[in-house]
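The numbers here are math on the coordinates, done by the rules we state, and not lab data. It should be emphasised that the depicted structure is a prediction, and the values quoted were computed from it without experimental measurement. Reconstructed Cβ throughout: ideal geometry from the backbone, glycine too, with neighbour counts over all protein chains shown.
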Amino acid sequence: MTKWLSEDEQQSWRSFLMAWTLLTHELNTNLQSEHGLTIADYEILVQLSETEGRRMRMSELAQSTLASRSRLSHQVGRMEAAGLVTREECTEDRRGSFAVLTDAGWQALVAAAPSHVTGVRANLVDVLTKSEFKALGDACQKVVAAINLESN
């Protein structure tokens, strides 16, 4: 039998969904208008910038961004056309390829990061008290851990 959400649980759930939707919309809109990047572009640039050699196998990048391989391939294709990334064949496995951050992609990330952080701060961090923000982080870590346990 389904255990339905209580009124308080329903309100919290809907508030979470609305906050997440508004926050990602705001951050995406700002990145697009100020830097010509989507939030998905930005996430890929960040992922690549944090790896050794600023390169990542496409399959690993798809997994880390929770994108299907097909969707990621299209996304990387658009970013490749914009000069932000390149693709390189994997010499050990001809079926695999790497997404590689270009110098232009690095510069785009460096240019976009300050306004992105400003948006995160203005729309989330500074809206909450330090203890509320810490509680949010703790709660999110619990959710991530629970989902990762269920997935594995």
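Find how much the distance from VAL125 to THR2 grows on full extension, using 0.36 nm per residue of separation minus their present alpha carbon separation; answer in nm with one decimal. Provide the component values of the computation, followed by the final result.
Working: separation 123, 0.36 × 123 = 44.28 nm, distance 3.54 nm.
Fully extending the segment from VAL125 to THR2 adds 40.7 nm.
Taking GluC sites (Glu not before Pro) across the range 7-64, the ones in a DSSP loop with at most 15 further Cβ atoms lying within 10 angstrom of their Cβ are GLU50. In this simple spin-label approximation, THR21 and ARG57 carry label points 7 Å from Cα along the Cα→Cβ vector, and these lie 3.8 nm apart.
A straight Cα-to-Cα reach below 19 Å connects LYS3 with none of the lysines, residues fewer than 8 places away in its own chain not being considered. Compared with the dominant Cα axis of the chain, that is its longest principal axis, helix 39-49 is turned about 60°.
Evaluate Rg over Rh across the chain, taking Cα atoms for both radii and Kirkwood's formula for Rh.
Details: Rg = 18.3 Å, Rh = 17.7 Å.
Ratio of gyration radius to Kirkwood radius: 1.03.
Summing Cβ point charges (Lys, Arg +1; Asp, Glu -1) relative to the Cα centre of the chain gives a dipole of roughly 220 debye.
The label point for GLU88 and the one for TRP13, both projected 7 Å from the Cα toward the Cβ, are 4.7 nm apart.
Placing a label point 7 Å from the Cα of SER115 along the Cα-to-Cβ direction, the residues of the range 34-50 whose backbone N falls under 17 Å of that point are 34-43, 45-46.
Each listed q (0.12, 0.27 Å⁻¹) maps to a log10 I(q)/I(0) for the range 21-74, found by the Debye formula over equal Cα scatterers with no solvent: -0.30, -1.04. The label-point distance for GLU80 and TRP106, in a model that sets each label 7 Å from Cα toward Cβ, rounds to 2.1 nm. Using only Cα atoms and rounding to the nearest 10 degrees, what angle (0 to 90) does helix 103-123 make with the longest principal axis of the chain? Value to nearest ten degrees: 10. Projecting the Cα atoms of THR51, SER15, VAL100 onto the charge dipole of the chain (Cβ charges, centred on the Cα centre) puts VAL100 farthest toward the positive pole. Annotation: amide H-H contacts under 5 Å for SER97 (H modelled 1.01 Å from N, sequence separation of 5 or more, or interchain): MET58, SER59, CYS90.
How high is the relative contact order of the range 18-130? Use alpha-carbon pairs under 8 Å, at least six apart in sequence, and give a whole percent. Intermediate values should be presented prior to the final figure.
Working: 112 pairs, mean separation 32.6, N = 113.
About 29 percent, as a whole number.
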